Amino acid sequence: MLAFIVVGLVTGSIYGLAGVGLVLTYRTTGVLNFAHGAIGAAAAYLFYELHVTRGMPWPPAALIAIGLFGPLVGVLIERATRTLDRAPVSTVIVATIGLLIATQGLMYIVFGDDYHRFPQVLPTEHVTVNGVQITYAQMITVALTVIITLGLSAFLRLSRAGRSMRAVVHSPELLDLTGTAPAPVRILAWCIGCTMAALSGVLIAPTITLDAALLSLLVVQAFGAVALGRFNSLWMTYAGGLAIGVAASLCTKYFGSHPPLNGLASSVPFLVLILVLLVVPARRLPVPLGRIGGTPPSAAMPPAVRAVGVVAAAVVLVIIPYTVGPRLPVYTNALVFVIMFLSLALLLNTSGQISLCHAAFVAIGASTFSHLTTGQGMPWLLALLCAGLVVVPVGALLSLPAIRLSGLYLALATFGFGILMQQVVYNTSAMFGKSPILKAPRPHFAGLNGNSDRTFYFLVLALVAVSSVVLTAAGRARLGRLLRAMSDSPVGLITNGLSVNVSKIIVFCMSAFFAGISGALFITLTGTASRDVGFGPVQSLMWLAVLAICGGGLVTSSFLAATVLVVVPSYLTSISQDDQLLIFGVGATAMSLLLRSGIDWRGNFSRVAKGSEDRWHRHPLRPATVAAGRSTPMTVTTGAGR
């Protein structure tokens, strides 16, 4: 056991260091950076390029990759996020998720998809303790992380710059009155935090292969450490990283050869994250940056123009099977994604809730449909309905943290759930089990032959029409008004004697149902589905980024998102999946900044009453006065749709 504890302490110290960098930027800027791990991955790739590929000695290579690259990225991120301090929480999250996706895509484009063994530059000599070899590199890593954590804690408490960093998030206006400009303080915080991310990436790279996806998910382990530190304490965060590292290492020892529990080790950070968010009282968690609210809606079109647009779109959709030839399956796949985006837009754009586990909903629907049709011989339509209904309890389960959490913490909880599903539940017999590929048949009923691509296209189109009508009607009914009110101001809703809890449960269940339907249609279209392709947590991040690019509506934004994600790349064959990661990531971040500036992609302006917003703005990390909803009073807006 000692050998596993030693390995756990070393990796846990790196998790703790990454978490310390996250907490530092969060305490001083109010932004929890989802791209924290991607910064570490980029630094590791840069170090590898300088030291291994170009033969530069490791000390100057480390200086460039950590000491120069980290602060430079910090300055750039501070400039990008400076205008997000009063944006909706969902906008802030999408901005940093866009940075994560863009950075990962850029690394694949520049350095390729191949794995590389990262060199260990620290001394590899060892000492033996009770038969266990402990290398000097391991001891140096732990000592270095402890010294840095101690130094940062002392810096924040004792130095004038540190006190300014602690003050800037609570009241930048008062800090400015003391003669200290808030902007340089934020820049310093981002530079230190990104340098910690770069150092974490370089330190952990020798223990895992040099892979952009694996290194980018370093932020995932850091999230668990940050949760144990209650998003506030540097030392508790570092200790949480050590605990997570040791727990994961011991899980490897005891469960590493027992599927599906062999995925439990990599899921420890998320189990910790979810447990903390469910157990710790909401009032004990710091209030995140921004305000509750969905994506600002676009200007409403006149009814006549809207009717003409709907008719024109319907005509185009009907004639597509007769004009696109062999590309018809691509358009059918786009329609499947329309249903998925409808379910996601219902959460994000209508109710202001965030789901980072939508790929898991789709996977449950696909695997359930396969088991019911191929395994049990259930009729196709009944199996389709059941595939959606099976996901509903999962949505209800996720609505429980949504009842007590919102915004950032709900995003973290759903992200943790998505990774837990991939690491553990996907491997069970209830989903994909030991079989890497599941199969599903095309529909055959009432004279309908689903093997015909054209017939199946019209069937999916009919389901899309029904889904659009149902969700649009729900949005215009009392439920939709409650969801929009909940998005604008949960506190105002509660003040008027209405409960947001039932609304949150309903919206999560509806979203899960339609996501499950899209999963069943996806496996029907392709004929097969694999747990390793298309259902990972990064896929959920990509879908959120694409939807954020396509505006704040429900039906229109869903059709646009499906077109951008599926149809356009099929024609632009020169654009690879790595290029798409970069484009969608940059687009999501840019859209977040444009929305904050009051401009959407069509040039519409959403004017916000700045005086009212500033008056009611609650600064991040200030103790919450109202636990339920955790939002500001309703802001006054003059944009269309508010």
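The values are calculated or read from the model by the stated rules, or taken from the named source; none is laboratory data. Please read these numbers as outputs of a predicted model, since none were measured by experiment. As a convention, Cβ positions derive from the backbone with ideal geometry for all residues, glycine included, and neighbour counts pool all protein chains shown.
Under the condition of being assigned to a loop (DSSP other than H, G, I, E, B) and of a type in the set (Phe, Trp, Tyr), the residues counted in the stretch 412-436 number 1. Return a yes/no flag: does the stretch 10-30 have any residue that is touching a residue at least 60 places away in the same chain (Cβ under 8 Å), touching a Pro at 6+ places or on another chain (Cβ under 7 Å) and closer than 19 Å to Ala183 by Cα. Yes, the stretch 10-30 contains at least one residue that is touching a residue at least 60 places away in the same chain (Cβ under 8 Å), touching a Pro at 6+ places or on another chain (Cβ under 7 Å) and closer than 19 Å to Ala183 by Cα. Looking only at residues that are hydroxyl-bearing (Ser, Thr, Tyr) and modelled with pLDDT of 90 or more in the stretch 164-205, which one is surrounded by the most Cβ atoms within 10 Å (Cβ to Cβ)? Ranking the qualifying residues of the stretch 164-205, first place goes to Ser200.
Look at the stretch 283-319 and say how many of its residues are crowded, with 19+ Cβ neighbours inside 10 Å and at pLDDT 70 or above. Total satisfying the criteria: 2. The residues on offer are Leu68, Leu106, Leu99, Leu84, and the sole one that is of a type outside the set (D, E, K, R) and surrounded by fewer than 20 Cβ atoms within 10 Å (Cβ to Cβ) is Leu68.
Taking the condition over 20 Å from Gly536 (Cβ atoms) and β-branched (Val, Ile, Thr), does Ile437 pass? Here the answer is no, as Ile437 does not meet what is asked. Looking for something at pLDDT below 90, assigned to a loop (DSSP other than H, G, I, E, B) and crowded, with 17+ Cβ neighbours inside 10 Å - is there at least one such residue anywhere in the stretch 536-548? Among the residues of the stretch 536-548, at least one is at pLDDT below 90, assigned to a loop (DSSP other than H, G, I, E, B) and crowded, with 17+ Cβ neighbours inside 10 Å, which makes the answer yes.
Candidates Leu250, Leu271: the one that is assigned to a helix (DSSP H, G or I), buried (at least 16 other Cβ atoms within 10 Å of the Cβ) and within 24 Å of the chain's Cα centre (by Cα) is Leu271.
Within the stretch 346-374, the set of residues being modelled with pLDDT under 90 and not in a loop (DSSP other than H, G, I, E, B) comprises Leu346, Leu347, Leu348, Asn349, Thr350, Ser351, Thr374.
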